Each structure stands twice: as C-alpha cells, then as structure tokens.
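Notes follow the structure.
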Amino acid sequence: MSVPDIAEISRSAALSLYGLCQTGLVVYSAHRWPMLGSAPCPPAEREPWWPAGREPRVLVQLPVCAEPEVVERLVEAAAALDWPSDRLEIQLLDDSDEAVARIGARAVERARASGADARQIRRPHRDGFKAGALAAGHAESEAEFVAVFDADFLPAPDFLRRTLPSFADPGVGLVQARWGHLNRDANALTRAQAAMLDAHFLLEHAWRQRRGRFLSFNGTAGVWRRTCIDAAGGWSSDTLTEDLDLSYRAQLAGWRFVFLPDVVVPGELPESMPAFRSQQHRWAKGALQTARKLLPRIAAARLPWATKLEAFVHLTIYVSYPLMLAMALLLVPLVVGRFALSFAWMPLLQLASFAAGTVPVALFLALGQRRAGRRGGRLALDTGAALVLCSGLCWHLARAVGEGVGGSRGEFVRTPKSGARGSLSALRAPPGRRPSGAAPGEGLPERVLAAALTLLAAFALVSGGAAAVPFLLALVVGLAWVGGGTRARVVASAPAPARPYSRTIFGERFPASALRVSTTILDQSSTES
C-alpha cells in the first residue's frame, strides 16, 4: 500500500470518528430540548400533616472538613431553625484537624447555650469522606427526618416549616430545595456557574419531576426520610457522588422525590478557577462511577424504556466533554489535510452540527436565567460565559470521565470555601502562593491546547475551512479562561469591609431572618480579625 493510500485511509478514519463524535455531542445536547417546554413547578402546599405541637423529630447534619471560614455561620443558621428544640438535633460532623475543629466546637457551645440540642461529632479518620461522616452521624440518631447542609449553605429559619409538609405522602423519601447564590456577582466565573445551576434547578429538576424521571439529591439543602435512606442501603462511599448514588438507589427501591423551587437556600459559589475545577472534577468522576455501578440495575429494573434511556443520558452526560475534546483534535487532520473541504456540503454540515450542539444548551441556560429573574444584557452575557466555560472544561473533565470509567474511587477533595459575601473577591493569599487547590502544572494543558487551536483556527480561516472556526474559537476562549485562571496567582490585598445584606441579593429574594444570621456571623468575624 502506497503512502498516499495510507494517508487517505487515515483521513477517512478521522472523518468517520469526527462524525461519530458530532453525533454523540448532538444527542447529549438534544437532551435539553424537551426541558425547554416544561412548565415551572407550582408552589407546594404548606399545610403541616402532623398534629399541632407534635412535630416530627428532625436531625440536621452539617458535614464539614477544614472549613473555618464558614463553620460558625453554618452552626448558627442551623440553631436558628424554627423547630421545637426538643424535636431538633444538630450534628456538626467535623472531620477537621484539631486546630480547625476548635472553631466548630466553640460554635456548637454557643448553639447549646442558646438552647439548641447541638453536638460535634469527630472521627479518628476520614474513612468514606462525606458519606462516611453522614453514615456515622445517622447511626447515632433515631430522628424520623434528616436535613443535610454543606458548610457554605445558610438555611432560613423557616426551612423545615416549608419542606416537611411535602412528606405528607408516605411514599416521598426526599425533598430538595433550590440553591441560591450568596456571591453570584463576585466575578465572571461565579456568574457563569449561577447560570448553569439556575438552569439545572429551574428547568431540569422541574422537568424531571413532571415527567417522573429520576431526580437527584444535590448533596445539600435537602431533607430525607430516615426509612428511605435505610431502605436504599444507606450512605455509600464507593463513588465520589454519594448523593447521586443514594438518590438513584432510593428511587430504584420505589421512593418518590419532591423538588421545591420556591424554597431557596443560599450558598457560596467557588470564586477561583482551581476551586471550581476541583469541584467539577469530583462531580464528573463521581457521576461516571455511579453510572458504572448502577446502570446494570437500571437496565434490569421494571421501568419504562424512556426512563431508562434518560437515566443513561443523565448519568453519562459528562461524556460530552471528551467528545468535544476529540472533535477538536480530529479537526487537525481534517483541516490541515484539506480532506473535509473536498465535499461541497461539509462546511454546511459543520455549521449545522455546531448549531445543533450549541443552540439547545444556550436556550436551556438562557431560559434558566429568565426563570431566576435575570433580564437584558446580563442574561446574554452570563449565558455566553457559561457556554464558553463549559467548552474550556473539555480537557479537565475528559480526564475525570476517564478516571470515573476505569479508575479507582479516589479521594474526596473538598471545594475550598472563602466565606464569600456579596461581590467581594475571595481566596486571597500572600504573594507567590498558589490559589487554593492549584497544583504545579495545573492549567498548562489547557493553555497549550488553546495556543494550538488558535493556530488551527487561523489556518482554517485562510484555507477555506471557515466553517470550523466558530467551534474552534469557542474552545480557544474557554481553554484560555480555564487554563489562565488556574495559573493566575491570587493578588494579595487587604480584605474589603463587609457589606450588609439586604432582602434582595443579586436579584434573588431571601428571608430577612436568614440574612441576619449570616450578617451577624460576618460582622463578628470582621471584629475578631
């Protein structure tokens, strides 16, 4: 076989693989189309099902590990929940080291002094990470319901009064509230994350609930029925997404979940790229671990085929990132070898595929922003930022998907917290210190890929392959953002003074009582420092 024949076969193989990747990416993007037509979930009824003065016993679990910036306000918010003190237990599940654990211990003592039944539970190890801590606390309580809040979330005092009524149906195993964002407008990264999360909750969760698809517990701001946890087999640490794993096992066991979009619990978004990358890596790897673990059970379950298919797409949605990366790499032989340009219809196909993969996701994000109350130019900018950010994660999350499919469980790496408040910049560090979560060399592959794809886009533009340029430029900007943001050092500066919260935070309304809790903690922290 001659060299030209080998080259033509190679380019034909590249074209075939490119087409397969395009098809896969379009299929995952098309998953968003039906969600666009789903009506918002109606507000749930708030009538209590328990006799007056006989509220059910509730356990509030607060899993933390080395999070001194936020643990005090977290405990105070839990202690301020409007529930009879003799029917409410608070567990600070503290896997921190001795020095940081003392901060949590002081917060628990203050809560106890105010009349709350609060205790700090410490383990001599971190076996099972968050799942292990939740399971350990679960074993030490007989409470009928279990509420879980991550370290950076601030439930309003009426949270239990608004969520527990949904358990009137004995078949309901979980009630999930919507996430709000304390620091939505801190920077472009937090605004892009907020756009992604708003769409996830206000469109995806709403659609799943209406269509009877699998809903997922988001790891925080939710309440479980204890018997549901037990019937599903309890917390398991064999994946990095213990929340997603337990959610699917519970629903496979016949339990029903409820999502309450009008109950909003504000939390902190990662403000630095290293922290965001760490979080996304854990979510992507854990989702594929959960898929590997549970898809055989889902396939064998007595469920409608549409439910099974959607569950497959849901659990493997992160596969879209390696598909995106593969398409970018396969464009090299296609553009440089000019093979793709030999067909008159190829540019049109490339543009159509790019649109089919982008338009449903863009509409999904934009509609999520509208339902969250965003309007005008800010909506367009945040939607665009979220699209670019997703494209820039293709290298990082392709690695996570590979580890989730074939690797070991790995370590649960917590997302660094900063106690972010309003639009303040967080995670400052002395000159020369890496941002929290950044390891040497992190972000370098993204920067190299961005440079290489810039050259490829320029070559495509001058050689008649302009149809490939929009896709390449989106990747270039995203990769440069993710890679550059990871590399950037944190600029040392004095903390800005705390800004008092108002009843409206960045377009989202929260109960004033909940905001007073967080403001009090922040003011105390400023005074002590």
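Brief remarks follow.
- A single member of Ala221, Ala291 is of a type in the set (A, V, I, L, M) and more than 22 Å from His138 (Cβ to Cβ), and it is Ala291.
- Apart from one condition, Pro43 fits all of (1) within 24 Å of Pro266 (Cα to Cα); (2) surrounded by fewer than 21 Cβ atoms within 10 Å (Cβ to Cβ); (3) assigned by TED's automatic domain parsing to the domain that holds Ala118; (4) not aromatic (Phe, Trp, Tyr); the exception is (3).
- Identity of the residue in the stretch 180-233, within 13 Å of the chain's Cα centre (by Cα), in a loop (DSSP other than H, G, I, E, B) and polar (S, T, N, Q), that ends up farthest from Ser278 (Cα to Cα): Ser216
- Tyr18 satisfies every condition listed in (1) at pLDDT 90 or above; (2) over 22 Å from the mean Cα position of the chain (by Cα); (3) surrounded by 14 or more Cβ atoms within 10 Å (Cβ to Cβ); (4) farther than 30 Å from Arg126 by Cα except (1).
- Among the residues of the stretch 375-399, just one is surrounded by 24 or more Cβ atoms within 10 Å (Cβ to Cβ) and outside any helix (DSSP H, G or I), namely Leu393.
- Counting the residues of the stretch 6-26 that are under 20 Å from Ala398 (Cα atoms) and free of Cβ contacts under 8 Å to residues at least 12 places away in the same chain gives 3.
- Members of the stretch 442-456 found to be modelled with pLDDT of 95 or more and small (Gly, Ala, Ser), listed by number: Ala450, Ala451, Ala452
- Residue ID - farthest from the chain's Cα centre (by Cα), chosen from residues in the stretch 447-468 that are more than 21 Å from Tyr321 (Cβ to Cβ) and part of a helix (DSSP H, G or I): Val462
The values are calculated or read from the model by the stated rules, or taken from the named source; none is laboratory data. Source: prediction; values computed, not measured. All Cβ positions, glycine included, derive from the backbone under ideal geometry; neighbour counts span all protein chains shown.
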